[in-house]
Amino acid sequence: MSLFLVLTFLFFAGSIIGWGIELLWRRFFSKNNAAKKWINPGFLTGPYLPLYGLSLCVLFSLSFIDVSFISPEWLQKPILFILMACAITVMEYVAGLIFIKGMKIKLWDYSKNWLNIKGIICPQYSFYWMILSGLYYFLVHPRILEWLYWFTIHLAFSFVVGFFYGVFCIDLCYTFQISAKIREYAKENKLEVRYENLKEIIRKRNEEFKEKRHFLFALKTNRLSMKEILRDIFEKTV
């Protein structure tokens, strides 16, 4: 079975599963969602988070590292999970930095968390990554080849995966068009737009104007232009 097919499937599965994890986290556990509303997480419109898809690919690759040379033996798995968490944290940092420097958008904000670096990464979430790495290693990794075998013999499911990537590419184009407007305004006014705050302001404005709340299209607003929304953010310095 080709490595490309494996990674394609893992990115698909990880992106969707990660979206589900974030959806439940924000609904029931996030301190930033006091109203306990359902919030579409992430940068894109659809039900997928590419960072989780890439993370699953990384976890799959790192799971084959031989740690048998580590002594004592009981340290082998914890060190492997720490390595996995560090790899994902580095990837999270690079992704966050690219959006901040290149697009003037801060997708997530850990500024209030202990020992955070530029509000992009922090020990707390690296610890969560380590826990997810352990869950992946013991619960998911042993079954991946079985799932891939099922995938290859059920050709109809390949159309589902193909549809996912088609929608994903269209979503990227749509979202980056909006992001270009955000970047232009942010660059002109020398500010950094916090993506979650932007979505929250749009949600409140839609409620104020009694507009329909868009769960997937969180940046859609009919009464105000994106520039007016961004001006509101700038004036409130959020």
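The values are calculated or read from the model by the stated rules, or taken from the named source; none is laboratory data. Model, not experiment: these values are computed from the prediction. Cβ sites come from the backbone with ideal geometry, for glycine too, and all protein chains shown count toward neighbours. With ligands, DNA and RNA removed, areas are computed over all heavy atoms of the protein, side chains included. Shrake-Rupley method; radii C 1.70, N 1.55, O 1.52, S 1.80 Å.
Helix 195-208 axis versus longest C-alpha principal axis of the chain: approximately 50°, rounded to the nearest ten. Against the empirical curve 2.2 N^0.38 Å, the C-alpha radius of gyration of the chain lands at a ratio of 1.12. The apolar share of the surface of the range 1-102, taken as the fraction of accessible area on carbon and sulfur atoms (1.4 Å probe, ligands and nucleic acids excluded), comes to 74 percent. The charge dipole of the range 111-187, taken about the Cα centre with unit charges on the Cβ atoms of Lys, Arg (+1) and Asp, Glu (-1), comes to about 380 debye, rounded to the nearest 20.
Could you size up the charge dipole of the chain around its Cα centre, putting +1 on the beta carbon of Lys and Arg and -1 on that of Asp and Glu, and report it in debye to the nearest 20? Don't skip to the answer; put the middle values down first.
On the way: 29 positive and 18 negative charges, 223 e Å.
Once rounded to the nearest 20, the dipole reads 1080 debye.
Coupling constants for the range 26-35 follow from the phi torsions by the Karplus curve (6.51 cos²θ - 1.76 cosθ + 1.60, θ = phi - 60°), and in residue order they are 5, 6, 10, 10, 5, 6, 7, 10, 4, 7 Hz; glycine and proline get x. Among the listed pairs LYS31/LYS204; LYS106/LYS204; LYS36/LYS190; LYS36/LYS112; LYS101/LYS204; LYS37/LYS187, those whose Cα-Cα separation exceeds 25 Å are LYS36/LYS190; LYS101/LYS204; LYS37/LYS187.
Relative contact order of the range 1-144, taken over Cα pairs closer than 8 Å and 6 or more residues apart, is 19 percent.
Taking amide H positions as modeled 1.01 Å from N, with prolines and chain starts lacking one, the residues under 5 Å from ARG194 and 5 or more places away or on another chain are LYS106.
On a full-extension model of 0.36 nm per residue, what is the gain between ARG27 and ILE117, subtracting their alpha-carbon distance, rounded to one decimal in nm? Present the calculation step by step, with values, prior to reporting the outcome.
Details: separation 90, 0.36 × 90 = 32.40 nm, distance 2.56 nm.
Going from the current span to full extension adds 29.8 nm.
Averaged per residue, what accessible area in Å² does the chain show with a 1.4 Å probe, protein chains only? Write down the numbers at each step before the final one.
Working: 14010 Å² over 238 residues.
Result: 59 Å² of accessible area for each residue.
Couplings for the range 177-184, taken from phi via the Karplus curve 6.51 cos²θ - 1.76 cosθ + 1.60 with θ = phi - 60°, read 5, 5, 4, 5, 5, 5, 4, 4 Hz in order; Gly and Pro are left as x.
Estimated at the nearest 10 Å², the accessible area of ARG26 is 40 Å² with a 1.4 Å probe.
Taking amide H as placed 1.01 Å from N in the peptide plane, the amide H of ILE120 sits under 5 Å from that of TYR110, each at least 5 places away or on another chain. Computed over the chain with a Gaussian network model linking Cα atoms closer than 10 Å, the most mobile of ALA180, ALA85, ALA156 is ALA156. Panel note: the C-alpha atoms of the range 15-56, placed on their principal axes, show extents of 30, 18, 12 Å (largest first).
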